[in-house]
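What follows is a single structure, written as C-alpha cells, with notes after it.
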Amino acid sequence: PLSPAAVVGAGLGGSATAYFLQQHFGPQVQLDVYEAAGVGGRLATVTVNKQQYESRGASIHALSLHMQDFVKMLGLKHRREVAGKSAIFSGEHFVLEETDWYLLNLFRLWWHYGISFLRLQMWVEEVMEKFMRIYKYQAHGYAFSSLEELLRSLGGEAFVNMTQRSVAESLLEVGVTQRFVDDVIAAVLRSSYGQSVLVPAFAGAMSLAGAQGSTWAVEGGNKLVCSGLLKLTKANVISARVTGISLHSSEGRALYQVHYESTEGQGSAFYDMVVVTTPLHPSRSNFTFDNFDPPIADFPGSFQPSITSVVHGYLNSSYFGFPDPKLFPFTSILTTDTPDLFFHAMDNICPVNISAAFRRKQPQEAAVWRVLSQQPLDKQQLKTLFRSYYSVQVAEWQAYPRYDAAKALPPIVLHENLFYLSGVEWVASSMEMTAVAAKNVALLAYNRWHQELEKIDQKDLMHKVKTEL
C-alpha cells in the first residue's frame, strides 16, 4: 500500500491532486500538502470597503466538468450573474461594442467581420468537442505519462502541433481575416493571458472558448474550492516552503526526502510519492533535486509578469470618448494591441458575495475596477483612467507562461513516483485545465503504483472506450 505521499502547493492544482489521489488510493493514504503562502494559490481575493473581490482567476467555463463536480460535492453555490456589456478599445475609439440586444450584436459582428466570426466559432467548437473526450477517458481510469500523449489521444498530431504554432496562424488558415484577428482575437488574449496573438493555438482556443461561452464563478470566492477539497480529503496542510527533494532508496524502492523551511526553521520528511504542483522555473522557485541519476533537467521557458490593480474610484469616461459619465454603458473594456495602450483590460468587478439586492454602481458613481497591465500603473496612467480614486491595491503575479511557440512541453513524470503538475500550463492555463491535469496525475500515479500499464498511454482510446461501454 502507498503510505505517506506529499503534494507541493495548495493552489487549485495541489488541492485537486490531493483529492484525486485519495479518491484513487483510498482514504488510508496519508497526505501532506506543503504550502508557503496561503491555500488557494492564485485564486486570491482582495478586500475593498469591507467587501472581498477576486483579484485573479475569475471565471470558469460552463463545460468545466471537474470544477462543476467540486462545487456540487462541496455544497458551494454559483455566484449570481450580474449582467454587463463589454467593448474593445483601440486607444482612440471602440472598435466593437456590445449591446443589450443579442441579435444586434451578431449582426454587428457579421457586418464588421463577415464570416470570420462563424469560422472562429466552428474552430473553437471543434477543439472543445475533442478536448471533452478527456472526461470519458478519465472515467474509465486511463492516464497519460506526458502532455504530448494526452493531447495526441484527444486530437492526434494536430493537437500536439497546436502547442507549437500560433493562434493567429491557425485562424488565418481556416479563413478568419487579419482584421478580425487584430481587433477581436488580440483583445481576448490580452485580457486573459496578457499576451499577443502569437500564443499557441491550443492555449488560444481555450481562452477564446471562455470568452464566447457562458461562464460562472463560486459564491464567496473561487478559492473556496481549494480549502473545501483539502478539508474533505483531511489532508495535513504544512505551512512551509519546499526547497528541494532528494532521492534515497529503501528495499529497492524509491524514497523521496522533501526538504522545507518554515517559521520554525528547516525540516524534512520521507515519502513514497511526491507530486509537485508549483511551477519549477528558476524565476519562480529555487528548487533543488539531489541524488537523481540521470539528473532532473532544468525547466525551459519563463513566466510573464502581470499586474492586477484593484482601483476603487470614479472612471474617467471622457478618455473613452464619453464626456458625460452617466452615458458610459460598459462594465468591461478589452483593448487591441496598440503600442501606446498601457493596460490590457479593465472591468467593473462585483464582490465575491452577491446578495439578491445587489446592483451595479451607475457609471458616474465610484466603483471597484480591476485593471490588468504589464507594468505597474504610474500616477499619470491612473489619472488617465480615473477622475479620482479612494484606493489602489496592486498585486504582481508571475501569472502565465511566456508562450513562445517553439518550446517542448515539460514532463509529467520526473522519476518513478515523482510527478510534476504545473507543466500543463504550457498547453493552456485555466482552472479546468489544472483540474484535468490533477486527475491525470492521480490516475497515472495509481496505475504505475499498481502496475496497471494497460491503462497508460493507450492508443485508439476512442474505440476502446466505446467497446467498454
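The values are calculated or read from the model by the stated rules, or taken from the named source; none is laboratory data. For clarity, every value in this text was computed on a predicted model and none was experimentally measured. Cβ placement follows ideal geometry from the backbone for every residue including glycine, while neighbour counts extend to all protein chains displayed. When the accessible area is computed, the model is the full protein with side chains, heavy atoms only, and any ligands, DNA or RNA have been set aside. Shrake-Rupley method; radii C 1.70, N 1.55, O 1.52, S 1.80 Å.
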**OP:** Pop out the Kirkwood hydrodynamic radius of the chain from its pairwise C-alpha distances, inverse of mean 1/r, in Å to one decimal.
**Re:** 23.5 Å
Subject >> Nitroxide proxy distance, nm - points 7 Å out along Cα→Cβ at Q364 and A395 >> reply: 3.3 nm
**OP:** Would you please give the residues with an amide H less than 5 Å from that of T243, counting only those at least 5 places away or on a separate chain, with H modeled from the backbone geometry?
**Re:** H259, Y260, E261
Original post:
Could you sort W101, W216 by accessible area so the largest value comes first, with the probe set to 1.4 Å?
Top reply: W101, W216
Original post:
For S388 and K326 in the same chain, what is the full-extension length gain: residue separation times 0.36 nm, less their Cα-Cα distance, in nm?
Top reply: 20.7 nm
Subject >> Equivalent ellipsoid semi-axes - Cα gyration tensor, segment 121-279, angstrom >> reply: 38, 21, 17
**OP:** Could you state how much accessible area R402 has, in square angstrom rounded to the nearest 10, with a 1.4 Å probe and all protein chains kept in place?
**Re:** 100 Å²
Original post:
Based on the mean of other beta carbon atoms within 10 Å per residue, what is the order of 197-207, 379-389, 434-444, most packed first?
Top reply: 434-444, 197-207, 379-389
Subject >> Net charge dipole size for the chain [Lys, Arg +1 and Asp, Glu -1 on Cβ; Debye, nearest 20] >> reply: 1280 debye
**OP:** For segment 296-312, take each phi angle, set θ = phi - 60°, evaluate the Karplus expression 6.51 cos²θ - 1.76 cosθ + 1.60, and give the result in whole Hz per residue in order, putting x for glycine and proline.
**Re:** 7, 5, 5, 9, x, x, 9, 10, 8, x, 9, 10, 10, 10, 9, 10, 9
Original post:
If you look at just the Cα atoms of segment 74-143, how large are its Rg and its Dmax in Å?
Top reply: 18.3, 53
**OP:** Can you pull a Stokes-Einstein diffusion coefficient for segment 181-253 at 25 °C (0.890 mPa s), Rh from Kirkwood over Cα pairs, as a whole number of µm²/s?
**Re:** 147 µm²/s
**OP:** Give me the Debye-computed log₁₀ of I(q)/I(0) at q = 0.22 Å⁻¹ for segment 216-286, equal point scatterers on Cα only, no solvent, two decimals.
**Re:** -1.12
Subject >> P(r) tail fraction, segment 1-107 - alpha-carbon pairs more than 23 Å apart, % >> reply: 53 percent
Subject >> Percent of alpha-carbon pairs separated by more than 23 Å within segment 334-434 >> reply: 50 percent
Subject >> Principal axis dimensions, largest first and in whole angstrom, of segment 54-170 by Cα >> reply: 50, 41, 27
**OP:** Please work out the C-alpha center-to-center distance from segment 278-328 to segment 81-127 and express it in whole Å.
**Re:** 26 Å
Original post:
Considering only protein heavy atoms, what is the solvent-accessible area of K459 at a probe of 1.4 Å, reported in Å² to the nearest 10?
Top reply: 120 Å²
Original post:
With every protein chain kept in the model, how would you rank W110, W397 by accessible area, 1.4 Å probe, largest at the top?
Top reply: W110, W397
Original post:
Working from the pairwise distances between different alpha carbons, so that the mean of 1/r is found and then inverted, what is segment 271-396's Kirkwood radius in Å?
Top reply: 17.8 Å
Subject >> In sequence order, calculated HN-Hα J values of segment 175-180 (Karplus, 6.51, -1.76, 1.60; Hz; x Gly/Pro) >> reply: x, 7, 7, 4, 5, 5
**OP:** Order Y314, Y390, Y34, most accessible first, counting only protein heavy atoms with a 1.4 angstrom probe.
**Re:** Y390, Y314, Y34
Original post:
Cα atoms only, segment 27-79: Rg and Dmax in Å?
Top reply: 14.4, 44
Subject >> Vicinal HN-Hα couplings computed from phi for segment 132-138 (Karplus, 6.51 cos²θ - 1.76 cosθ + 1.60; Hz; Gly/Pro x) >> reply: 4, 4, 4, 5, 5, 4, 5
**OP:** Please compute the Cα-Cα pair-distance distribution of segment 101-184 with 10 Å bins starting at 0, giving whole percents from short to long.
**Re:** 16, 37, 26, 17, 4
